[in-house]
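Input: a single structure, listed below in structure tokens.
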Amino acid sequence: MNSETLTITDNRTGKKYEIPIRDGAINANDLRQIRVSEDDFGLMSYDPAFMNTASCQSKITYIDGDIGILRYRGYPIEQLAEKSTYLETAYLILYGELPTKAQLDEWSRNVTHHSILHENIKKFIDGFHYDAHPMGMLVSAVGALSTFYTDAKNIFDPGSRTKQTHRLIAKMPTLAGFAYRHSVGMPYSYPDNDLSYTGNFLNMMFKMTELKYKPNPVIEKALDVLFILHADHEQNCSTNAMRGVGSSHVDPYCAVAAAAAALYGPLHGGANEAVLRMLMQIGSKDKVPEFIKQVKEGHGKVMLMGFGHRVYKNYDPRAKIIKQVADNVFAVTGRNPLLDIALELERIALEDDYFIKRKLYPNVDFYSGLIYQSIGLAMDMFPVLFAIPRTSGWIAQWEEMLLDAEQKIARPRQVYKGAGKRDYVPIAMRK
Ligand code: CMC
């Protein structure tokens, strides 16, 4: 017998059920027929943190975490990092195929020509406190874009979606640049349409009094590769936020603000910043064994930041590429002294039972911060540098969700464990 079904016996009632298996999954709704009585709600699955629940079908990104594979639309990340550009990869992620020359030219032109922000956004950013975190500013400012582009509400109009896609991908670096310049008290640097996507971003970060900013080609290329590596990563915390919030049919600016807020956390896109702070706190290579000891004894309280992943139980393929990129960057900027601490941490951790048993390997954030720091990017810009390229992935996932006939507003169930019905007690009578 070889049938694509699952037979379940409910030992409470002795009844048997046959449930179809599709693509290696059962539909959780099929469990609802399993009841002990007519008025029973039906069986649910309980899965805090979605450890084993697929919330969608997707054609965008494929990960095999056990062997460390990452592909966008079927193309291995290694090939894209070597041969593609961020804008081309963003097109691939969004539209499913690599663009022709004409498509890429048009796409690049559209993104380039939407990079300017409404001048009122500047006033908005001016209002933030002098020490506001750039990621907090980015989250707020991208949400605020929704008030400038009211046509974005037409989420089922493909033309409107395309326009918001151009705007979002084009304006995220400008918002990021403005947030950074505000945080260091420098005048805003406007986009330069003659430069590449990452060259222009560097221009908006670092341009001083020169008439024309010229990015260093090695750094421009390194940043472009880092953007490719961060463009999508299937159903992670921020993408889940994008899909979940977008499923209420809010406009994409508000949904991207929600996704960026999810990314801000230290367990997600904030980890690259946390890695650098950890390396600085460790201070020198000889203190690494003591730190590893603290991590092991801390049982989850002291984390080796930049290590571990929900999906990768092997070396994160992005971390491998980033290690190579780091060498190119350090050849220009000089070797980051924190690199020795990072290498020592990796060496010791990969030989240690605690990490081996738990399959904890360096993830994308372990080395990226070292590169960003060497380029001269402030630590609190690190999560912002994750959010800019991830915007293409968020939009692709949002659009896929909107056009998926099986999707509805995201609304999980709960297992209620609180008090049963009880009567209100007047305040004077409460103990
Ligand atoms: N350092 C020390 N112990 C760890 C670490 C770590 N970085 N990560 C996981 N563990 C331990 C954890 O304490 C647990 O131990 P035990 O079984 O004794 O309770 C075990 O490994 C399994 O970990 P988990 O917390 O169940 O794993 P998870 O899938 O829920 O969490 C993670 C994944 C990425 C949140 C976690 O590994 C972590 O917090 N890492 C550090 C933060 C980090 O680098 N985040 C970036 C992730 S990659 C980029 C992105 O997606 O944003």
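The values are calculated or read from the model by the stated rules, or taken from the named source; none is laboratory data. Bear in mind that the values here come from a model prediction, so they are computed numbers and not experimental data. No Cβ is skipped: glycine too gets one built from the backbone with ideal geometry, and neighbour counts run over all protein chains shown. Each accessible area value is taken on the protein alone, full model and side chains, heavy atoms only, with ligands, DNA and RNA left out. Shrake-Rupley method; radii C 1.70, N 1.55, O 1.52, S 1.80 Å.
Computing the accessible area with a 1.4 Å probe over protein heavy atoms, can you report the carbon and sulfur percentage for the range 75-264?
Roughly 58 percent of what the probe reaches on the range 75-264 is carbon or sulfur.
So what J values fall out for the range 242-248 if you push phi through Karplus, 6.51 cos²θ - 1.76 cosθ + 1.60 with θ = phi - 60°, rounded to Hz, Gly and Pro as x?
Rounded to whole hertz, the list is 4, 5, x, 5, x, 5, 7.
Just to confirm the number: angle between the C-alpha axis of helix 382-402 and the first principal axis of the chain, 0 to 90 degrees, nearest 10?
For 382-402 against the chain, the angle is about 50 degrees.
Only loop residues by DSSP count here, and only those with at most 16 other Cβ atoms within 10 Å; note down the GluC sites (Glu not before Pro) in the range 357-413 that meet that.
When the GluC sites (Glu not before Pro) of the range 357-413 are filtered for loop state and at most 16 Cβ neighbours within 10 Å, 406 remain.
Report, by chain and number, residues whose modeled amide H sits under 5 Å from the one on residue 307, excluding near sequence neighbours (fewer than 5 apart, same chain).
Result for residue 307 returns 363.
Roughly how tilted is helix 86-95, in degrees to the nearest 10 and between 0 and 90, from the longest Cα axis of the chain?
So the inclination is approximately 30 degrees.
³J(HN,Hα) across the range 149-156 via Karplus (A = 6.51, B = -1.76, C = 1.60, θ = phi - 60°), whole Hz, x for Gly/Pro?
10, 5, 5, 5, 5, 7, 5, 9
Give the Cα extents of the range 271-374 along the principal axes, in whole Å, largest first.
39, 29, 22
DSSP loop trypsin sites (Lys or Arg not before Pro) in the range 331-406 with at most 12 other Cβ atoms within 10 Å of their Cβ, which ones?
Here the trypsin sites (Lys or Arg not before Pro) that fit, given the DSSP loop and packing criteria, are 358.
So, with a 1.4 angstrom probe, what is the percent of accessible area on the range 271-374 that is carbon and sulfur?
Carbon plus sulfur share of accessible area: 51 percent.
Using Cα centres only, tell me the gap between the range 147-170 and the range 254-309 in whole Å.
35 Å
For the pair residue 214 and residue 148, what calculated FRET efficiency results from E = 1/(1 + (r/R0)^6), where r is the Cβ-Cβ distance and R0 = 30 Å, to the nearest 0.05?
With R0 = 30 Å, the Cβ-Cβ based efficiency is 0.45.
Give me the accessible area per residue for the chain, probe 1.4 Å, as a whole number in Å².
51 Å²
For the range 104-150, what are Rg and Dmax over the alpha carbons, in angstrom?
Reported Rg and Dmax, both Å: 13.2, 40.
Excluding residues fewer than 8 places away in the same chain, name every one of the lysines whose C-alpha is closer than 27 Å to that of residue 207.
Cross-link targets: 122, 123, 171, 221.
Let me check something: with ligands and nucleic acids excluded, how do 313, 212, 421 order by accessible area (1.4 Å probe), largest to smallest?
421, 212, 313
Return the Rg/Rh value of the chain, two decimal places, where both radii are evaluated on C-alpha atoms and Rh is the Kirkwood radius.
Using only Cα positions, Rg/Rh for the chain is 1.01.
Give me the one-decimal Kirkwood hydrodynamic radius in Å for the range 75-264, with the sum taken over alpha-carbon pairs.
17.3 Å is the Kirkwood radius here.
For the chain, modelled as a Gaussian network with Cα springs under 10 Å, which listed residue fluctuates most, 161, 181, 310?
Of 161, 181, 310, the Gaussian network model singles out 310 as fluctuating most.
Under 10 Å, Cα contacts only: if you run a Gaussian network model on the chain, which one of 379, 137, 280 comes out with the highest mean-square fluctuation?
280
Would you calculate the separation in nanometres between label points at residue 44 and residue 356, each defined as 7 Å from the Cα along the Cα-to-beta-carbon direction?
Spacing of the two 7 Å Cα→Cβ label points: 4.2 nm.
Given the rule -39500 (n - 2.57) for each run of at least 4 DSSP H residues, summed and divided by the residues of the chain, what is its mean residue ellipticity at 222 nm, to the nearest 500 deg cm²/dmol?
Mean residue ellipticity, 222 nm, calculated: -15500 deg cm²/dmol.
For the pair residue 411 and residue 284, how long in nm is the line joining their label points, each one 7 Å along Cα→Cβ?
Between residue 411 and residue 284, the simple spin-label model gives 6.1 nm.
Mind jotting down the distance between the C-alpha centroids of the range 178-193 and the range 194-253, whole Å?
15 Å
Taking amide H positions as placed 1.01 Å from N in the peptide plane, with prolines and chain starts having none, which residues 5 or more places from residue 21, or on another chain, fall under 5 Å of its amide H?
Here 5, 6 satisfy the definition.
Per residue of the range 102-119, in order, report the coupling 6.51 cos²θ - 1.76 cosθ + 1.60 (Karplus, θ = phi - 60°) as ³J(HN,Hα) in whole Hz, putting x for Gly and Pro.
5, 5, 5, 4, 5, 4, 5, 4, 4, 5, 4, 7, 10, 7, 6, 9, 4, 4
For helix 317-333, what angle does its Cα long axis make with the longest principal axis of the chain, in degrees from 0 to 90 and rounded to 10?
Computed tilt is about 20 degrees.
Among 217, 46, 410, whose Cα projects farthest towards the positive end of the dipole of the chain, with charges put on the beta-carbon of Lys, Arg (+1) and Asp, Glu (-1)?
Value: 46.
Can you pull out the GluC sites (Glu not before Pro) in the range 181-244 whose DSSP state is coil and whose Cβ has at most 14 other Cβ atoms within 10 Å?
210
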